[in-house]
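The next block holds one structure in the form of structure tokens; read it before the comments.
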Amino acid sequence: MDLRIFAGRSNRVLAEQIAQYLGYPLGGVQLDDFPDGEISLKLLDDIRGRDAFIIQSTCPPVNTHLMELLICIDCMKRASAARITAVIPYFGYARQDRKDEGRVPITAKLVANLLTTAGADRVLTLDLHAAQIQGFFDIPVDNLSAEPVFSAYFASLDTGPLTLVSPDAGNVKRARVYANRLGGDLAIIDKRRVSGTETKAMAIIGDVRNKTVLMVDDIIATAGTLARAGEVLRANGAKQIIAAATHGVLCGPAVERLASAPFDRLAVTDTIPLPPAVREKLPNLTVLSVSELMGEAIRRIHRNESVSSLFMK
């Protein structure tokens, strides 16, 4: 079964790097918008009986990119692809994964239903906001971790004594993974939610004085929690503060908050493309590529090999 790789418009650069790693050209896709905003799509390559992969992050504008992904999957299904894998480096709507109050949707489940109904046979994604979202699907889901990419970067830095800090109680498991891999102590920031849009960092559980502090999260959205955590860490004597997140959504006041926060280094991956203006405002930002990680996962899915063995060392 031949392999075919296609890309939507959300993150063309990452898709090209993945295709280059695999040694395959990106398939031809004709994408246009009608005057009223509807999306027009046509595949320019024959995919009948092929193993088709469509690479599309559901990053801003989220709804446009999600609809584009669904249309492409439907097109592949009607073009008689043997298997369709939706490669979603950043899975949007993942934060709406439960009904934590009355009269709210579970949008992550809705998106899972939409992808399945459109015709996807499999989903490949990276650092879901909540791992249990995999259970919303009735098709296989490979949820990769960016840990190997970040760990290689952190190991290249001269950090000295290291403390891994969880910015909230829900992120302790992720911090422990890095602490075990890199060696170092573990600390937790006690966070209280003031409102739906505001949180307050109260205290640190653990010792960060004269340590290099590393915080790793899955998403930086408005950066309110992260910026406040950085201030608390600096006030408690942290020598160097490094913050990292897989998905740099960076919406609203995020860039301004990060620019004024006391971080010595920032790191995100390229699951979401960042405009040049963001990099200019954040000279301490490093963007790490996940193209090889995702490319290798695609290769193994195509060959029906183990994907989880990517993370076994």
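The values are calculated or read from the model by the stated rules, or taken from the named source; none is laboratory data. Small disclaimer: the values here were computed from a predicted structure and weren't measured. All Cβ positions, even for glycine, are placed from backbone atoms using ideal geometry, and neighbour counts span all protein chains on display.
Quick check, is residue 131 out of contact with any Leu (no Cβ under 7 Å at 6 or more places or on another chain) and under 21 Å from residue 290 (Cα atoms)? Before the answer, list the steps.
Working: out of contact with any Leu (no Cβ under 7 Å at 6 or more places or on another chain): yes; under 21 Å from residue 290 (Cα atoms): yes.
Judged against the criteria, residue 131 is a match.
Applying a threshold of 8 Å to beta carbon distances and a minimum spacing of six or more residues, or different chains, the list of pairs starting in region 113-124 at a residue that is closer than 13 Å to residue 301 by Cβ and ending at one that is crowded, with 18+ Cβ neighbours inside 10 Å and of a type in the set (Gly, Ala, Ser) reads 120/86; 122/86; 123/86; 124/86; 124/297.
Here residue 137 passes the criteria (1) farther than 22 Å from residue 290 by Cβ; (2) not assigned by TED's automatic domain parsing to the domain that holds residue 213; (3) not polar (S, T, N, Q) except the one numbered (1).
Can you tell me how many residues in region 40-69 are touching a Leu at 6+ places or on another chain (Cβ under 6 Å) and either modelled with pLDDT under 95 or outside any strand (DSSP E or B) (or both)? Don't jump to the end; show me each part of the working.
To start, the set of residues in region 40-69 that are touching a Leu at 6+ places or on another chain (Cβ under 6 Å) comprises 41, 51, 56, 58.
Subsequent filtering for residues that are either modelled with pLDDT under 95 or outside any strand (DSSP E or B) (or both) retains 56, 58.
Going through region 40-69 one residue at a time, the tally reaches 2.
How about region 262-313: which of its residues are in a loop (DSSP other than H, G, I, E, B) and under 28 Å from residue 82 (Cα atoms)?
Taking region 262-313 as the starting set, the residues that turn out to be in a loop (DSSP other than H, G, I, E, B) are 262-264, 270-275, 282-284, 289-290, 303-307, 312-313.
Of everything in region 262-313, those that are in a loop (DSSP other than H, G, I, E, B) and under 28 Å from residue 82 (Cα atoms) turn out to be 271, 290, 303, 304, 305, 306, 307.
Out of all the residues in region 222-250, which are assigned to a strand (DSSP E or B) and touching a residue at least 60 places away in the same chain (Cβ under 8 Å)?
Taking region 222-250 as the starting set, the residues that turn out to be assigned to a strand (DSSP E or B) are 240-248.
If the condition is that a residue be assigned to a strand (DSSP E or B) and touching a residue at least 60 places away in the same chain (Cβ under 8 Å), then 240, 242, 244, 246, 247 are the ones that fit.
Let me confirm something: among 104, 149, 165, which residue is aliphatic (A, V, I, L, M), more than 20 Å from residue 10 (Cα to Cα) and free of Cβ contacts under 8 Å to residues at least 24 places away in the same chain?
Numbers: 149 fails: free of Cβ contacts under 8 Å to residues at least 24 places away in the same chain; 165 fails: free of Cβ contacts under 8 Å to residues at least 24 places away in the same chain.
Matching residue, one of 104, 149, 165: 104.
Restricting the first member to region 251-279 and to residues that are within 17 Å of residue 147 (Cα to Cα) and in the same structural domain as residue 234 (by TED's automatic domain parsing), and the second to residues that are among the acidic types (Asp, Glu) and assigned to a loop (DSSP other than H, G, I, E, B), the beta-carbon pairs closer than 9 Å and six or more apart or on different chains are 269/127; 271/127. Selection within region 152-162: residues that are out of contact with any helix residue (DSSP H, G or I) (no Cβ under 7 Å at 6 or more places or on another chain) and in contact (Cβ under 8 Å) with a residue 60 or more places away in the chain. The member of this set that is surrounded by the most Cβ atoms within 10 Å (Cβ to Cβ) is 159.
Checking the conditions here, which among 126, 144, 115 is within 15 Å of the chain's Cα centre (by Cα), crowded, with 17+ Cβ neighbours inside 10 Å, closer than 18 Å to residue 69 by Cα and not small (Gly, Ala, Ser)? Reasoning before the result, please.
Working: 144 fails: closer than 18 Å to residue 69 by Cα; 115 fails: within 15 Å of the chain's Cα centre (by Cα).
Criteria check complete, one pass: 126.
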